[in-house]
Amino acid sequence: MYKIPLAEIKQKILTGGKVTLEELEQRIKAKINELSGLISEEGAAHIIANELGVELVNNSTKKLKVKEIYAGMRNVTAVGKVVRKFEVREFSKDNRSGKVCSLVLGDETGTIRVVFWNDQVDALRQVSEGDILLVKDGYARENNNDREVHLGNQGSIVVNPEGESVHSVREGTSYQRRKIEELRDGEGGAEIVGTVVQIFDPRFFNLCSQCNKKVVESGGNYQCNEHGSVKPVVSYVMNLVLDDGSGNIRSVLWKNQTNHLLGKTEEEVAQYKDSPTTFEEVKADLLGEQLKLLGQVKKNDMFSRLEFNVQMVSRAKPEEEIARLEK
Ligand SMILES: [Zn+2]
């Protein structure tokens, strides 16, 4: 059984036009009674949908809209625009190490996280924010009360497939708005809005082009622990301090979010490495800007301070903030 929110099941049954809302509520109650209460309201609604011949999920083999994807589905095929691409994260567990990368795919019905593991991460190298992505034969599962798509063994992706386009994206909100003074270590996703009061020069480092791990330079050669001498990939991180009146926090932007904020390509940002003075202009532009940051709070043990690890950055929209205050 797919995990479909009760309100949506009811909506779909009602759209079928065979019962009124009142009748539906009665039938759900009756079904729960009939089964001696050993079934949830969702379960009862599922059964009634079956009885009425209402199709709750799109069972055809065609592409699904984002909002038609439910946890538990196999063979999920969907097309969307890459709204955000997150950083590759390395992990090691029980003597095994691996990497994971995720992105947010959106269409006019909503957004969904798509998760890539290990070798699949390499296929993402060619994917940028704004690209159209066809995800074929993935599966959907639930994570943190939200749905996410994984590729599994069968799944694959096509970048910018011919004849596909996505005109608009309906963005959801799964990050809790917080004042900076309220931020606590490890509390999960948060959204903060504030003014940039300080910017630091980006720090550059070299990664192995095969595994994305840091490489060590010696005499113009780059050594990866695993892959030996490799051609390195430049990566970087930029820190800024955001202040919202209640407090301020050092916020960490990795490569993709730095590119997004500065509106620059990797190659353009990499140039600041050799001519740091040109970065002063960027700083001057950014100081005093209002940003909306979505991310996670993390304690930096070395400096014993909280930092905000940014997963999505955008310019704050004054109209949105005013509307929020009025509510
Ligand atoms: Zn390597």
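For this structure, a couple of remarks:
- Amide hydrogen neighbours beyond the local backbone of R84, cut-off 5 Å, H modeled: V104
- Cross-link partners of K317 among aspartates and glutamates (Cα-Cα below 13 Å; sequence separation of 8 or more within a chain): E289
- In sequence order, calculated HN-Hα J values of the stretch 193-199 (Karplus, 6.51, -1.76, 1.60; Hz; x Gly/Pro): 10, x, 9, 6, 10, 7, 10
- For K299, the residues 5 or more places off, or on other chains, whose built amide H falls under 5 Å of its own are G186, E307.
- One chain, two ends: E217 and E23. Fully extended at 0.36 nm per residue, the span grows by 62.6 nm beyond their Cα-Cα distance.
- Computed E for L306/E191 - FRET, C-beta separation, R0 25 angstrom, nearest 0.05: 0.95
- Cα-Cα over 32 Å, subset of K12/K255; K65/K283; K81/K213; K85/K214; K136/K298; K12/K179: K12/K255; K65/K283; K136/K298; K12/K179
- Overall, the ratio between the Cα radius of gyration of the stretch 6-51 and 2.2 N^0.38 Å, rounded to two decimals, is 1.03.
- Percent RCO, i.e. relative contact order, over the stretch 66-159, from Cα pairs under 8 Å lying at least 6 residues apart: 34
- Mean projected area of the Cα convex hull of the chain, taken over all directions, amounts to 22.4 nm².
- Simple spin-label estimate for Q11 and E326 gives 2.6 nm between the two label positions (7 Å along the Cα-to-Cβ direction from each Cα).
- Whole-Hz couplings from phi, Karplus 6.51/-1.76/1.60, listed for the stretch 233-242; x for Gly and Pro: 10, 7, 10, 7, 9, 10, 10, 9, 10, 10
- For chymotrypsin sites (Phe, Trp or Tyr not before Pro), the sites in the stretch 219-327 that DSSP calls loop and that have at most 10 other Cβ atoms within 10 Å are F303.
- Spin-label pair N248/E181, simplified geometry with 7 Å Cα→Cβ offset, distance in nm: 1.6
- Among 290-299, 5-14, the order from most to least packed when residues are scored by Cβ within 10 Å on average: 290-299, 5-14
- Karplus-based coupling profile of the stretch 203-220, in residue order and whole Hz: 9, 10, 8, 10, 10, 5, 6, 9, 10, 6, 8, 5, 10, 9, 8, 8, x, x, with θ = phi - 60° in 6.51 cos²θ - 1.76 cosθ + 1.60 and x standing for Gly or Pro.
- Cα-based reach from K62 at 15 Å (exclusive), listing aspartates and glutamates while leaving out same-chain residues under 8 positions away: D137, E164
- Placed amide H near Y222: partners under 5 Å, 5+ positions off or other chain: V230
- For the pair N143 and L38, the difference between a 0.36 nm per residue extended length and the Cα-Cα distance amounts to 35.2 nm.
- Peptide packing: for 39-52, 151-164, the average count of neighbouring Cβ atoms within 10 Å per residue gives the ranking 39-52, 151-164, highest mean first.
- Computed lengthening from E68 to V158, 0.36 nm per intervening residue step minus Cα-Cα distance: 30.4 nm
Every number here is computed from the coordinates shown, using simple stated rules; none is lab data. Predicted model, so just to flag it, every value in this text is computed and none were measured. As a convention, Cβ positions derive from the backbone with ideal geometry for all residues, glycine included, and neighbour counts pool all protein chains shown.
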